[in-house]
Amino acid sequence: MPRTILILAGGVASPKEALKAAKGADFIIAANGGFALAQRTGLPVHLLLGDLDSLLLPPPSDVPVLRVPREKDATDLELALDHAVSLGAQEIRVVGAFGARLDHTLANANLLEKYDVPIVLFHGDCRVHLVLDHVELAAEPGDLVSLLPLTAEALGITTYGLRYALHEGVLFRASTRGVSNEVVGKPCGVRVREGKLLLIHIPKGGGP
């Protein structure tokens, strides 16, 4: 049973991002167009999942394929996340969740509310963490951290190492209160007692 699964999606991503995310991964799923990123990076693909409409050439015969209909009620990334959960993943990493399509970008960020497994989206130097209970960051003073509730409200939020601290605080989805906090100390992280958060970590001077 794979412990850490990496999903390569079809959004904007570089081989450098993919290689960083692949460290320690036990299983790699290419979600449709993400197979091209795997080929550029030289990463092995343990499963190619999707409708294959983005592939210029058929995949090699030694790559297992789970083909899905082109007309469906979920994106290839959602199906890949569902499959990763079905394999018993304890951590999921995603590269290429964001891109030029604004609808896909917003949908992929909001999609994480569906899951109860720690998920990290890689986007350039930025990381987007699904916070289910506790996340501690490899962050440095001056980095930016934003907390965006995925549920209508997130309760019992306690932060440490951030300029604007919360202790058993509440954040609402229809609010920007959690945007643009700053790392001032180490260790740095957040706990949430009820609800789900997106934690967006932007290194100082960094970005996609």
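The values are calculated or read from the model by the stated rules, or taken from the named source; none is laboratory data. None of these values were measured; they are calculated from a predicted model. Please note: Cβ atoms are built from the backbone with ideal geometry, for glycine as well, and neighbour counts cover all protein chains shown. Side chains are part of the model used for accessible areas, which takes the heavy atoms of the whole protein and leaves out ligands, DNA and RNA. Shrake-Rupley method; radii C 1.70, N 1.55, O 1.52, S 1.80 Å.
Going through segment 1-84, which trypsin sites (Lys or Arg not before Pro) have at most 15 other Cβ atoms within 10 Å and a DSSP loop state?
ARG3, LYS23, ARG70, LYS72
Across all directions of projection, what mean area in square nanometres is found for the Cα convex hull of the chain?
Averaged projected hull area, Cα only: 11.5 nm².
For the pair ASP51 and ASP133, what calculated FRET efficiency results from E = 1/(1 + (r/R0)^6), where r is the Cβ-Cβ distance and R0 = 30 Å, to the nearest 0.05?
According to the calculation, E is roughly 0.30.
Would you calculate a helix-derived [θ] at 222 nm for the chain, using -39,500 (n - 2.57) for each DSSP H run of n ≥ 4 and dividing by the full residue count, to the nearest 500?
Roughly -5000 deg cm²/dmol at 222 nm, from the helical runs in the chain.
What does the C-alpha gyration tensor say about the overall shape of segment 1-99? Classify as rounded when a/c is under 1.5, otherwise prolate if a/b is larger than b/c, or oblate.
rounded
Specify whether the C-alpha gyration tensor of segment 121-167 places it in the rounded, prolate or oblate class, a ≥ b ≥ c being the square roots of the eigenvalues: rounded for a/c under 1.5, otherwise prolate if a/b is larger than b/c and oblate if not.
It is oblate, given that a/c is not under 1.5 and a/b is not larger than b/c.
Per 0.36 nm of contour for each residue apart, how much would the distance between SER14 and TYR160 grow if the chain were fully extended, relative to their Cα-Cα spacing?
Contour length minus Cα-Cα distance gives 49.4 nm.
Go through segment 71-102 and name the GluC sites (Glu not before Pro) that are in a DSSP coil and have 11 or fewer other Cβ atoms within 10 Å of their Cβ.
GLU71
Do any GluC sites (Glu not before Pro) in segment 108-195 lie in a DSSP loop with no more than 13 other beta carbon atoms within 10 Å, and if so, which?
GLU168
Among DSSP bridges having both ends in the chain, what percentage is antiparallel? Round to the nearest 5.
Rounded to the nearest five, the antiparallel share is 60 percent.
I'd like to know how segment 111-207 sits against the 2.2 N^0.38 Å rule of thumb: what's its Cα Rg over that expected value?
Expressed relative to 2.2 N^0.38 Å, the Cα Rg reads 0.97.
In nm, to one decimal, how far is the GLU153 label point from the ARG40 one, both placed 7 Å along Cα→Cβ?
Reported label-point gap for GLU153 and ARG40 is 4.4 nm.
With a 1.4 Å probe and all protein chains left in place, how much accessible area per residue does segment 1-102 have, in Å²?
52 Å²
Given Cα pairs under 8 Å that are at least 6 residues apart, what percent is the relative contact order of segment 93-133?
Across segment 93-133, relative contact order equals 40 percent.
I need the shape label for segment 70-113. Rule: rounded when a/c is under 1.5, else prolate if a/b > b/c, else oblate, with a, b, c from the alpha carbon gyration tensor.
Oblate is the answer for segment 70-113, as a/c is 1.5 or above yet b/c matches or exceeds a/b.
Considering only protein heavy atoms and a probe of 1.4 Å, how much of the accessible area of the chain is carbon and sulfur, as a whole percent?
C and S atoms contribute 55 percent here.
Roughly how many nanometres apart are two label points built 7 Å out from the Cα toward the Cβ at VAL65 and ASP103?
2.6 nm
How many lysine pairs in the chain, separated by 8 or more positions in sequence or lying on different chains, have Cα atoms less than 19 Å apart?
5
If each of ALA174 and LYS72 carries a label point 7 Å out from its Cα toward its Cβ, how far apart are those two points in nm?
3.4 nm
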